[in-house]
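**Q** Take this structure first; my questions come after.
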Amino acid sequence: MRIIGLDLAGKPSNPTGFCILESDGGCKKVSTSIAYSDDEILEKIFSIQPDLVAVDAPLKYAGVNRLCDEELSRYGALPATLSGMSVLAARGTNLAKKLADAGLKCIEVHSKSSAKILGVYAKDDFDFQKNIMALDVDGGIANRLYSRDELDAVVAAITGYLHLEGATREVGDSAGVIQVPSV
């Protein structure tokens with residue numbers, strides 16, 4: 001099983017966390033990198049041909065408040081109607097369309113909500129990474145300190161893994177759905 005987790009930045013000039021999670025039923029191995037432009041992100045995704053892409057960004061947005069954001073606000077989700085979030089929502093919506101056109105399955109996640117539900121969230125990056133590693137995650141994560149963008153991408157990928165294992169639940173409605181762990 002191969003899942004990509006993205007912590008999508010609102011603007012291409014800012015870093016997007018990119019994680020590849022591979023599992024053969026045992027340990028989950030991750031490797032991360034940083035990407036910037038949509039073309040770079042899509043090129044990496046298309047070369048990997050994952051089973052699922054899990055994106056920490058709004059993937060459906062019609063200019064109105066979304067129930068999914070309201071329901072996850074207690075975990076730190078922001079409404080897509082905020083000016084900075086609407087830029088991210090436009091980028092996420094465009095990316096989701098291109099992935100769907102290429103026949104790739106894509107879900108929306110919220111990494112901070114997932115991390116809090118899984119009990120691994122920490123404000124300090126070192127503690128956050130250590131907590132993530134306790135989820136039977138190996139690979140590059142054990143070799144160096146990841147940036148917050150990379151850590152959020154790892155959590156997005158873990159949420160995608162849980163989704164494929166049937167261990168997530170939908171939050172939201174027709175205006176937008178976010179997958180969160182059901183553990």
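We did not get these values from a lab; they are worked out from the coordinates using the rules stated. As the structure is a computational prediction, the values presented were derived from the model and not from experiment. Cβ coordinates were reconstructed from backbone atoms using ideal geometry, including for glycine residues, and neighbour counts include every protein chain displayed.
**Q** If residue 70 meets every condition in (1) in contact (Cβ under 8 Å) with a residue 60 or more places away in the chain; (2) over 14 Å from the mean Cα position of the chain (by Cα); (3) closer than 19 Å to residue 178 by Cα apart from one, which number is that one?
**A** If we test residue 70 against (1) in contact (Cβ under 8 Å) with a residue 60 or more places away in the chain; (2) over 14 Å from the mean Cα position of the chain (by Cα); (3) closer than 19 Å to residue 178 by Cα, just (1) comes out false.
**Q** Further question on the same structure: Which ones in region 78-87 are touching a Pro at 6+ places or on another chain (Cβ under 8 Å) and either more than 10 Å from residue 61 (Cα to Cα) or exposed (fewer than 14 other Cβ atoms within 10 Å of the Cβ) (or both)? If you could, list the steps in order and put the result at the bottom.
**A** Let us first name the residues in region 78-87 that are touching a Pro at 6+ places or on another chain (Cβ under 8 Å), namely 80, 85.
Listed by number, the list holds a single entry, 85.
**Q** Condition first: in contact (Cβ under 8 Å) with a residue 12 or more places away in the chain and either in a strand (DSSP E or B) or aromatic (Phe, Trp, Tyr) (or both). Now tell me which residues in region 162-183 satisfy that.
**A** If we filter region 162-183 for residues that are in contact (Cβ under 8 Å) with a residue 12 or more places away in the chain, which is where we start, we get 162-164, 167-169, 171-173, 175-183.
Result: 168, 169, 171, 172, 173, 176, 177, 178, 179, 180, 181.
**Q** Can you work out which of the residues in region 45-60 that are under 8 Å from the mean Cα position of the chain (by Cα) and of a type in the set (Gly, Ala, Ser) is surrounded by the most Cβ atoms within 10 Å (Cβ to Cβ)?
**A** Among those residues, the one meeting the criterion is 54.
**Q** Let me ask something additional. Quick test of your reading of the structure: residue 39 fulfils all but one of (1) within 19 Å of residue 150 (Cβ to Cβ); (2) surrounded by fewer than 22 Cβ atoms within 10 Å (Cβ to Cβ); (3) of a type in the set (D, E, K, R). Name the failing condition by number.
**A** (1)
**Q** Which condition does residue 96 not pass, out of (1) within 22 Å of residue 50 (Cα to Cα); (2) touching a residue at least 60 places away in the same chain (Cβ under 8 Å); (3) not polar (S, T, N, Q), if it passes all the others?
**A** Among (1) within 22 Å of residue 50 (Cα to Cα); (2) touching a residue at least 60 places away in the same chain (Cβ under 8 Å); (3) not polar (S, T, N, Q), the lone unmet condition for residue 96 is (2).
Matching residues to (1) in a loop (DSSP other than H, G, I, E, B); (2) out of contact with any helix residue (DSSP H, G or I) (no Cβ under 8 Å at 6 or more places or on another chain); (3) at positive phi:
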{"position": "123", "(1), (2), (3)": "yes, yes, no"}
{"position": "127", "(1), (2), (3)": "no, yes, no"}
{"position": "130", "(1), (2), (3)": "no, yes, no"}
{"position": "138", "(1), (2), (3)": "no, yes, no"}
{"position": "146", "(1), (2), (3)": "yes, no, no"}
{"position": "151", "(1), (2), (3)": "no, no, no"}
{"position": "156", "(1), (2), (3)": "no, no, no"}
{"position": "159", "(1), (2), (3)": "no, no, no"}
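**Q** Moving on. Can you pull out every residue in region 36-85 that is touching a Lys or Arg at 6+ places or on another chain (Cβ under 8 Å) and part of a helix (DSSP H, G or I)?
**A** 38, 42, 48, 75
**Q** Of the residues that sit in region 99-121 and are free of Cβ contacts under 8 Å to residues at least 24 places away in the same chain and part of a helix (DSSP H, G or I), which one is farthest from residue 29 (Cα to Cα)? Break it down into steps so the answer makes sense when it comes.
**A** So in region 99-121, the residues free of Cβ contacts under 8 Å to residues at least 24 places away in the same chain come out as 100-101, 103, 119, 121.
Pick out the ones that are also part of a helix (DSSP H, G or I) and you get 100-101.
Values: 100: 26, 101: 28 Å.
Applying the filter and picking the extreme gives 101.
For (1) farther than 21 Å from residue 89 by Cβ; (2) in a strand (DSSP E or B); (3) without any contact (Cβ under 8 Å) to a residue 12 or more places away in the chain; (4) among the charged types (D, E, K, R), each residue gets a yes or a no:
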{"position": "3", "(1), (2), (3), (4)": "yes, yes, no, no"}
{"position": "11", "(1), (2), (3), (4)": "no, no, no, yes"}
{"position": "14", "(1), (2), (3), (4)": "no, no, no, no"}
{"position": "17", "(1), (2), (3), (4)": "no, yes, no, no"}
{"position": "20", "(1), (2), (3), (4)": "yes, yes, no, no"}
{"position": "29", "(1), (2), (3), (4)": "yes, yes, no, yes"}
{"position": "34", "(1), (2), (3), (4)": "yes, yes, no, no"}
